[in-house]
Amino acid sequence: MNQPCNSMEPRVMDDDMLKLAVGDQGPQEEAGQLAKQEGILFKDVLSLQLDFRSKTADEPKGEQDDGQEDSQEDILRIDNLWQFENLRKLQLDNNIIEKIEGLENLAHLVWLDLSFNNIETIEGLDTLVNLEDLSLFNNRISKIDSLDALVKLQVLSLGNNRIDNMMNIIYLRRFKCLRTLSLSRNPISEAEDYKMFICAYLPDLMYLDYWRIDDHTASVSLSVSQPCETDSSSPQKKLAEAKHQYSIDELKHQENLMQAQLEDEQAQREELEKHKTAFVEHLNGSFLFDSMYAEDSEGNNLSYLPGVGELLETYKDKFVIICVNIFEYGLKQQEKRKTELDTFSECVREAIQENQEQGKRKIAKFEEKHLSSLSAIREELELPNIEKMILECSADISELFDALMTLEMQLVEQLEETINMFERNIVDMVGLFIENVQSLMAQCRDLENHHHEKLLEISISTLEKIVEGDLDEDLPNDLRALFVDKDTIVNAVGASHDIHLLKIDNREDELVTRINSWCTRLIDRIHKDEIMRNRKRVKEINQYIDHMQSELDNLECGDILD
């Protein structure tokens, strides 16, 4: 199972090695010579083979068909693959690689072979979301994990490793596309219940250890591993399911609970994103109020004063109502902004489409006349007539250019008016939203100011009772420590008040800053998109007119020479 040592010095993958491999595996003959002269960009490579054939007991390294010594060296570390961004297939088997790494940028990889190496841990595959076929045969792996990102995995080869716990099989249930699995020559494959257990817990599996699972309980038939329909009702699978029914039912129950939890978390994330888009996230409850007291040790201590509990509860109820009003108002305003943006986008699309249709009609009319004129020029024998007809064609081209540019200028003016109107509307909507939110936030501050005054009255009254010895209630030690003198308690109440106001101010500032930034970015993007559209359209018109004029010029030269 372990890779033996060899006399060659191990290497880390470098540019020279990769260039050599790409050149050797690239186009051959004439195309290959051209590719070598011009160079092959790594980003264009779809398949890369770097299996440097480490020596094994069955196949001594260095022995080739012609008996010559192999000069290639074993790869010790995966590196320098970041430029192969479009790679689909990577072959790194038969090396001495110890760690799976350096594959972060290979997001398009579909097929990966790391068999016959010295890998002990499955790792470094988190970005390979398109991987379908993974071979880790003949390594030193003892646990199946860290494959969660491989949601498209269909074929997994882990034979001849050190996997000895049957619970590893349960981990593979999450891979809904998995159809082929190899675990032969692992300690678990020696278990009496090995095949039955896998059939029970992986009912969609079609091939186990390169043999197709068939209708027989103890036998399987040799077959090529190709995706096809799974016969989950076969006697073998029915027997396996019956034997492990209780455990499977319990496992399915846990999986259903987990799936429901994941779906709930996903729904919450989507809902939060919706609230963030409206700039009112965490305002549909007591989050802001709770955050005011999260770092307010003085305020928390003062809440134990007689009468403050009821005061605080009333304050919180009113505060949360205002926050919910901001939240609901924010969602409604977001819908209005979205409607305004959708209407604007549709107006722009319709204006561009109508303008393009007018341009196409003018071009079609021109080309019909132009083709007829070119045919007439070719048939004309008198040079003066040819020159006159060419001048007329040139005038037609100039007239078309003027017509197309006039259409574009009309569109520019139309879109400019539309954009300016949208900009005024969206700025007004954002301004009104900010104004109303600030008004509601001011109500939150008023509540805080009122609560502060009442709390200060209660605190001073409590201090007087303590001084006179008339306080009946026992106060916590941390709270009693504040009642040294009037200045101390006034400072404590004031510090709590300042923290609360700062939290309210910060949330208001955050909302205002974010929506203003959104509005600015949106308007800038719309203006920039229109500039780019205009430049592109003018370039298209010029290229078309230049082509027409060039065609006419070439025809003129040819006729004059004739």
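The values are calculated or read from the model by the stated rules, or taken from the named source; none is laboratory data. None of these values were measured; they are calculated from a predicted model. Every residue, glycine among them, receives a Cβ derived from its backbone with ideal geometry; neighbour counts consider all protein chains shown. Please note that ligands, DNA and RNA were not included when accessible areas were found on the heavy atoms of the full protein model with its side chains. Shrake-Rupley method; radii C 1.70, N 1.55, O 1.52, S 1.80 Å.
Structure summary
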| read-out | value |
| --- | --- |
| Subset of the range 453-476 [without any contact (Cβ under 8 Å) to a residue 24 or more places away in the chain, of a type in the set (D, E) and more than 18 Å from A495 (Cβ to Cβ)] | E464, E468, D470, D472, D474 |
| Wholly within the range 38-133, strands (runs of 3 or more DSSP E) carrying at least 2 residues that are modelled with pLDDT of 80 or more and surrounded by fewer than 16 Cβ atoms within 10 Å (Cβ to Cβ) | 47-49 |
| Flag for K465 being open to solvent by 30 Å² or more (accessible area, probe 1.4 Å), in a helix (DSSP H, G or I) and in contact with a Leu (Cβ under 6 Å, 6 or more places away or on another chain) | yes |
| From R521, R525, R507, residue being touching a Leu at 6+ places or on another chain (Cβ under 9 Å) and on the phi < 0 side of the Ramachandran plot | R507 |
| Given (1) under 49 Å from the mean Cα position of the chain (by Cα); (2) more than 24 Å from D317 (Cβ to Cβ), number of the condition A481 does not satisfy | (1) |
| Near pairs, Cβ below 9 angstrom, 6+ apart or cross-chain, from the range 94-107 (under 21 Å from L46 (Cβ atoms) and among the charged types (D, E, K, R)) to any residue that is assigned to a loop (DSSP other than H, G, I, E, B) and open to solvent by 10 Å² or more (accessible area, probe 1.4 Å) | E104/W82; E104/G124; E104/D126; E104/T127 |
| Residue list for the range 162-185, restricted to those being open to solvent by less than 30 Å² (accessible area, probe 1.4 Å), in contact with a helix residue (DSSP H, G or I) (Cβ under 9 Å, 6 or more places away or on another chain) and part of a loop (DSSP other than H, G, I, E, B) | I163, L178, L183 |
| Hey, N420 open to solvent by less than 60 Å² (accessible area, probe 1.4 Å), without any contact (Cβ under 8 Å) to a residue 12 or more places away in the chain and not β-branched (V, I, T) or not | yes |
| From the options N506, N554, residue that is loosely packed, with under 13 Cβ neighbours inside 10 Å, under 30 Å from I458 (Cα atoms) and of a type in the set (S, T, N, Q) | N506 |
| Verdict on C323 being at pLDDT 95 or above, open to solvent by 50 Å² or more (accessible area, probe 1.4 Å) and either in a helix (DSSP H, G or I) or not small (G, A, S) (or both) | no |
| Number of the exception - Q333 against (1) over 28 Å from V512 (Cβ atoms); (2) surrounded by 15 or more Cβ atoms within 10 Å (Cβ to Cβ) | (1) |
| Residue under evaluation R378, criteria (1) assigned to a helix (DSSP H, G or I); (2) farther than 20 Å from I526 by Cα; (3) open to solvent by 50 Å² or more (accessible area, probe 1.4 Å); (4) free of Cβ contacts under 8 Å to residues at least 40 places away in the same chain, criterion not met | (4) |
| Selected residue (criterion: nearest to G307 (Cα to Cα)) from residues of the range 434-462 that are surrounded by 12 or more Cβ atoms within 10 Å (Cβ to Cβ), modelled with pLDDT of 95 or more and among the polar types (S, T, N, Q) | N449 |
| Hits in the range 509-527 (condition: open to solvent by 70 Å² or more (accessible area, probe 1.4 Å), under 18 Å from L288 (Cα atoms) and not hydroxyl-bearing (S, T, Y)) | D509, E510 |
